[in-house]
Amino acid sequence: QVQLVESGGGSVQPGGSLRLSCIASRIIFSIYEMTWHRQAPGKQRELVARITSDGLGTNYADSVKGRFTISRDNPKNTVYLQMNSLKPEDTAVYYCHVYATGWWGQGTQVTVSS
């Protein structure tokens, strides 16, 4: 069974940074596109960022462009989300996802508050 384990969430002040990691196991990681999603209380889950299997292509939600960076390390079976200039509206549970599959991580909480 595929496992995705996120880490790196926490509480930070506005303007701060966090780096999320997602380690995948029991999967041929290097052949899959990966995404990060987030879900805030009372809102639908939304796509934040996506990265191609080789890591050369990325795209982002308009709300995070220029502030977030998705990357991956295929030999380590890991995808990252570097989040800078965080805003209170970035507060959500962040999920790692294998694109076009039903494989999701358990989520990691990010809270941005002064």
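Aspartates and glutamates near residue 65 by alpha-carbon distance under 18 Å, same-chain residues fewer than 8 away left out - which ones?
Here the aspartates and glutamates satisfying the reach criterion relative to residue 65 are 46, 89, 90.
How big is the dipole moment of the chain about its Cα centre under a simple scheme where the beta carbon of each Lys and Arg is +1, that of each Asp and Glu is -1, and everything else is neutral? Debye, nearest 20, please.
With Lys and Arg at +1 and Asp and Glu at -1, about 60 debye.
Distance between Cα centroids, the range 93-114 to the range 54-77: provide it in whole Å.
Cα centroid to Cα centroid, the span is 14 Å.
So which trypsin sites (Lys or Arg not before Pro) in the range 19-102 pass both tests, a DSSP loop state and at most 12 other Cβ atoms within 10 Å of the Cβ?
Answer by residue number: 26, 43, 65.
Multiplying the sequence separation of residue 19 and residue 3 by 0.36 nm and subtracting their Cα-Cα distance, what value in nm do you get?
3.8 nm
Once you've got the GNM for the chain with C-alpha springs shorter than 10 Å, pick whichever of 82, 44, 13 has the biggest mean-square fluctuation.
44
Multiply the residue separation of residue 109 and residue 47 by 0.36 nm, subtract the distance between their alpha-carbon atoms, and state the gained length in nm to one decimal.
20.8 nm
Give me the extension gain from residue 73 to residue 56: residue separation times 0.36 nm, minus the current Cα-Cα distance, reported in nm with one decimal.
5.0 nm
Readers should treat all values here as calculations from the given coordinates under stated rules, not as data from a laboratory. Keep in mind the model is a prediction, meaning the values are calculated, not measured. Don't worry about glycine lacking a Cβ; one is built from the backbone with ideal geometry, like all the others, and counts go over all protein chains shown.
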